[in-house]
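Beneath this line is the structure, given in structure tokens, with notes to follow.
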Amino acid sequence: MPAQTPHELPALFAKLFNEGDPSSLYEPGAEPEVLDGHLKLDAKMEVSPRKILVNGDIALLVVDWRLGEITGTATDVARRGPDGWRYVIDNPSGVA
């Protein structure tokens, strides 16, 4: 279930994360290692996009997120494929 625009990705990610499986939003191999640990937490994901830059079929997303008491800012790269947008790089702690 990829997004139809890169602007849809953060909210769709939070929805699927809260349902237990956002893997359909990733290209193969792009899921970050911390994702499984975050999914095991008993908390709901909230997101607030800070910046989304698009150039053709590539997008850079900077998204503030909250998972219970844990907060962070992700820097992600997404690519448009034949069926929509998916993450190719997901760096959940990506502003340092």
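The values are calculated or read from the model by the stated rules, or taken from the named source; none is laboratory data. Note that this is a predicted model, so its numbers are computed, not measured. A quick note on method: Cβ atoms are made from the backbone with ideal geometry, for glycine too, and the neighbour counts reach across all protein chains shown. Remember, those area values only see protein heavy atoms, side chains included, never the ligands or the DNA or RNA. Shrake-Rupley method; radii C 1.70, N 1.55, O 1.52, S 1.80 Å.
Numbers below:
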read-out: Rounded, prolate or oblate (a/c below 1.5 giving rounded, otherwise prolate when a/b exceeds b/c) for the range 1-45 by Cα gyration tensor; value: oblate
read-out: Relative frequency of Cα-Cα separations exceeding 20 Å in the chain, percent; value: 26
read-out: Inter-probe distance in nm under a simple model that places probes 7 Å from Cα toward Cβ, at residue 40 and residue 18; value: 2.4
read-out: Within straight-line cross-link reach of residue 51, aspartates and glutamates at Cα separation under 13 Å, skipping those fewer than 8 residues along the same chain; value: 8, 64, 76
read-out: Between the range 76-92 and the range 1-57, the Cα center-to-center distance that results, in Å; value: 9
read-out: Whole-Hz ³J(HN,Hα) from phi, Karplus 6.51 cos²θ - 1.76 cosθ + 1.60, for the range 20-34, glycine and proline x; value: x, 7, x, 4, 5, 8, 10, 6, x, x, 8, 5, x, 4, 6
read-out: Average accessible surface area per residue within the chain, 1.4 Å rolling probe, Å²; value: 58
read-out: Segments 18-27, 37-46 sorted - mean Cβ within 10 Å per residue, highest first; value: 18-27, 37-46
